[in-house]
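The numbers here are math on the coordinates, done by the rules we state, and not lab data. Just so it is clear, the structure is predicted and the values come from calculations on it, not from any experiment. Neighbour counts run over all protein chains shown; Cβ positions are idealised from the backbone, glycine included.
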Amino acid sequence: MVAKNQEIYISIEPAEYRRQKSLVLGSQMDILNSIKHIQSIQKIKAEKAKMKILLKNLADSIGEDIDNLRAKLPKVKELKQKQEKAPKQEKTKEKIIIEQKELHAISNRKRTIDDELRELQNKIKMLNS
């Protein structure tokens, strides 16, 4: 009968073990930092989309104000051109609440990653001392 899982043990110098362990922990830190950067980018993208909508709403409001002023001003004997207005694209309260929840979830994950990074840094310090 042949054993399915055979374990092999090798001897590694303590200095080599610490160096390799330090490299593994450093790699884990790099991965967590990358995740952190990706989350920051996602948060910025969400804020950008929100700001675009606010800017569009503001531009529409300014356009309405200009139209109201034109209606109140005396009319000149020139041809009046009609401007077609695009329908407003306002966000519903539900969409805004969903975006806020997503931003909150991203910030919670960021805190968790920060904690993991601190833990890995402490492990590296302990290995190297």
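Neighbour counts of other C-beta atoms within 10 Å: give me 102, 13 arranged from fewest to most. The partial results should precede the final answer.
Values: 102 13, 13 8.
Ordered from fewest to most neighbouring Cβ atoms within 10 Å, 102, 13 come out as 13, 102.
What's the exposure ranking of 7, 47, going from fewest to most Cβ atoms within 10 Å? Mind showing how you got there, number by number?
On the way: 7 5, 47 12.
Result, fewest neighbours first: 7, 47.
Fewest first, what order do 58, 32 take by the number of other Cβ atoms within 10 Å? Walk me through the numbers on the way to the answer.
Working: 58 10, 32 17.
Least crowded to most crowded, the residues run 58, 32.
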**Mean projected area (nm²) of the alpha-carbon convex hull when segment 1-48 is viewed from all directions** = 6.1
**Request:** Report, ordered by chain and residue number, the aspartates and glutamates lying within cross-link reach of residue 110, taken as a straight Cα distance under 15 Å and ignoring same-chain residues fewer than 8 apart.
**Result:** 30, 102, 119
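Over segment 34-78, how many pairs of lysines fall under 23 Å by alpha carbon, counting only those 8 or more apart in sequence or from different chains? Write out the running numbers ahead of the final one.
Values: 36/45; 36/48; 36/50; 43/52; 43/56; 45/56; 48/56.
Lysine pairs satisfying the spacing and distance rule in segment 34-78 number 7.
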